[in-house]
């Protein structure tokens, strides 16, 4: 008897998260996708083991980090990153078919509005931008309206909700991509994880301690692919650091992790994972913590 | 003949930005405040010298960096930070006076919604959160409604729009503070600037280069108060770094700046400034670049 493996994502259908979830599903033994209303919902359902896996956006090439994802992985759930997936993002400007009214309101997810900020300012200087929970929800609002509205969303959302594509590439910068993480309760067993993600906190106000931390990576010639700071939420000027590196901190590079634990007051490994899809590794199962 | 000195801020009246602007005005020779509809409007008007100074939020103790502020200072305007100001933030839940309807929608700026996320989830699990351009705009929407709505906003906004304070402290974490920057076209002449802010970019994929950069600060015992990465918007995994440090990089610590210029492909000093109000320094005027 096996329990069906369900992957939760930020819905409703038509979001970029759904596109990423479908790409991931086709290369892995996912039985069903479940649309959830927000990123916290996805992470909390996986944490409570109501669903087996969750897919959440973590970073966009234009707008940067998705703060709520990092904050929850650090503080509110105990999950492991099991893989990552990078999706090309193309924001389209969607309206009702044949809508001749002046566009007064433009709906979308705050990240999408930010990624098309200049396009909107140049083309619709007098329209108000209204943030929504997702790009697909924005498309749905346009669908339910009497016109005079537009949404920034995917081509898939245009099809899903039967909207006209007024502009098929509204991003301010070419090469717009979003990186998604696949998370579960356990650490997936890769033959050779290519990347590790961790978050750490240092004792306050020790000058040079971040330099010392980075030195531990430099010493072993480990490439850092990302460093990001987020507030600890306790005091202004007090940060958690999130690092991604090309190493296996729970495997062959665990000596680096040990040394970091001596320097930092808090270290949490968020996952050691491969950067491709899981197809070839899917039979390996999970590794012991 | 002197031109009146106008300070622009994120309006409408009743925002936390307005509170910060009033604190700053009272200690400096500002002739008038001007409410503007967004952070980009504030920075662009100062850049085009339509107003003399601008005040913009840059960082909150719970929700972290205000991305649009950093991105615009790095890429879209040429301004100098002339000072900073930290304001205590207390979000109140505001409704119409005597409103007995069930609250179905809660309006506020995305940062405020994020700072009160748990409060809202615990107390209004079925209400939808609708982001607005500012906390004061959210209060205005409640004022214009027929009830059943709430806004997260300041006590000043409650007074400004005649709303009832349903809860006087809805933040998820105590000690909520926002740091604001005061920016102008020129570098203000402090007797002794306490802080410098700069942004820099490194040649791609050089392992250890960030360690080398931090080493230049460590060598001189200069305390870094903040490090933040933002995407260059050109490619995923390609970042600009924003550093705040306790030094005067255009004055007595300019040797550090010279060495950074040799390591980095792009260095921009965003300002060297004091951390208090400008009262005592106001007569010093501007320094040569």
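Just so it is clear, none of the values below were taken in a lab; they were calculated from the coordinates. Keep in mind that this is a model prediction, so the values were computed, not measured. So basically every Cβ, Gly included, is an ideal-geometry build from the backbone, and we count neighbours across all protein chains shown.
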- Item | Average other protein chain Cβ within 10 Å of Cβ, residues A:213-220 | 4
- Query: Quick one: of the DSSP bridges fully inside the protein assembly as shown, what percent are antiparallel, nearest 5?
  - Reply: 75 percent
- Obtain the radius of gyration and the Kirkwood radius of segment A:39-122 from its C-alpha atoms and give Rg over Rh. 1.09
- Query: At residue B:37, label 7 Å along Cα→Cβ: distances to the other copies, nm, ascending?
  - Reply: 3.1
- Message: What is the distance in Å between the Cα centroid of segment A:30-104 and that of segment B:48-73?
- Response: 27 Å
- Message: I need the Debye-formula profile for chain B: one equal scatterer per C-alpha, no solvent, reported as log10 I(q)/I(0) at q = 0.09, 0.11, 0.13 1/Å, two decimals.
- Response: -0.49, -0.70, -0.92
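In segment B:191-273, what is the volume of the convex hull around the alpha carbon atoms, normalised per residue and reported in Å³?
Values: hull volume 6.8 nm³, N = 83.
For segment B:191-273, the hull spanned by Cα atoms encloses 82 Å³ per residue.
Counting other beta carbons within 10 Å of each Cβ, put A:22, A:246, A:179, A:265 in order, fewest first.
Numbers: A:22 14, A:246 17, A:179 21, A:265 10.
By the 10 Å Cβ count, ascending: A:265, A:22, A:246, A:179.
Test of understanding: express the Cα radius of gyration of segment B:1-152 as a ratio to 2.2 N^0.38 Å, with N the residue count.
On the way: Rg = 17.0 Å, N = 152, 2.2 N^0.38 = 14.8 Å.
It is 1.15.
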- Task: Once you have a ≥ b ≥ c as the square roots of the Cα gyration tensor eigenvalues for the protein assembly as shown, tell me rounded if a/c is under 1.5, and otherwise prolate or oblate according to whether a/b is larger than b/c.
- Result: oblate
- Note on the structure: Partner shielding of A:131-140, as the mean number of partner chain Cβ atoms within 10 Å, equals 2
- residue B:22 label points, 7 Å along Cα→Cβ, one per copy: pairwise distances from this copy to the rest in nm, shortest first? 5.3
- In chain B the DSSP beta bridges are antiparallel at a rate, in percent to nearest 5, of 75 percent
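Order by neighbour count: A:180, A:80, fewest other Cβ atoms within 10 Å first, most last. Write out the running numbers ahead of the final one.
Numbers: A:180 26, A:80 23.
In order of increasing Cβ crowding within 10 Å: A:80, A:180.
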- Averaged over the residues of B:112-125, the number of partner chain Cβ atoms within 10 Å of each residue's own Cβ comes to 1
- Message: Taking the number of other C-beta atoms within 10 Å as the exposure measure, put A:81, A:227 in order starting with the fewest.
- Response: A:227, A:81
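Using the Kirkwood formula over every pair of different C-alpha atoms, what hydrodynamic radius in Å results for segment A:1-57? Please report the intermediate quantities before stating the final value.
Working: mean 1/r = 0.0900 Å⁻¹.
With all distinct Cα pairs of segment A:1-57 included, I get 11.1 Å.
For n ≥ 4 DSSP H runs only, could you compute -39500 (n - 2.57) per run for chain A, divide by its residues and tell me the 222 nm figure to the nearest 500? Don't skip to the answer; put the middle values down first.
Numbers: 9 runs with 79 residues, N = 289.
Theoretical 222 nm ellipticity from helices: -7500 deg cm²/dmol.
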- Query: Between copies, how far does the label point of residue B:259 sit from its twins, in nm, shortest first, when each point is 7 Å from Cα along Cα→Cβ?
  - Reply: 2.1
- Item | Residue and distance (whole Å) for the chain A Cβ nearest the axis that superposes A on B | A:131, 2
- Peptides B:229-236, B:136-143 ordered by average Cβ neighbours within 10 Å, highest first: B:136-143, B:229-236
- Item | Relative contact order (%) - chain B, alpha-carbon pairs under 8 angstrom, separation at least six | 23 percent
- Query: Looking at the square roots a ≥ b ≥ c of the eigenvalues of the Cα gyration tensor of segment A:92-167, which shape do they give, rounded for a/c under 1.5, prolate if a/b is larger than b/c, or oblate?
  - Reply: oblate
- Query: Computed over the Cα atoms, what is the radius of gyration of segment A:128-206 divided by 2.2 N^0.38 Å, N being its residue count?
  - Reply: 1.72
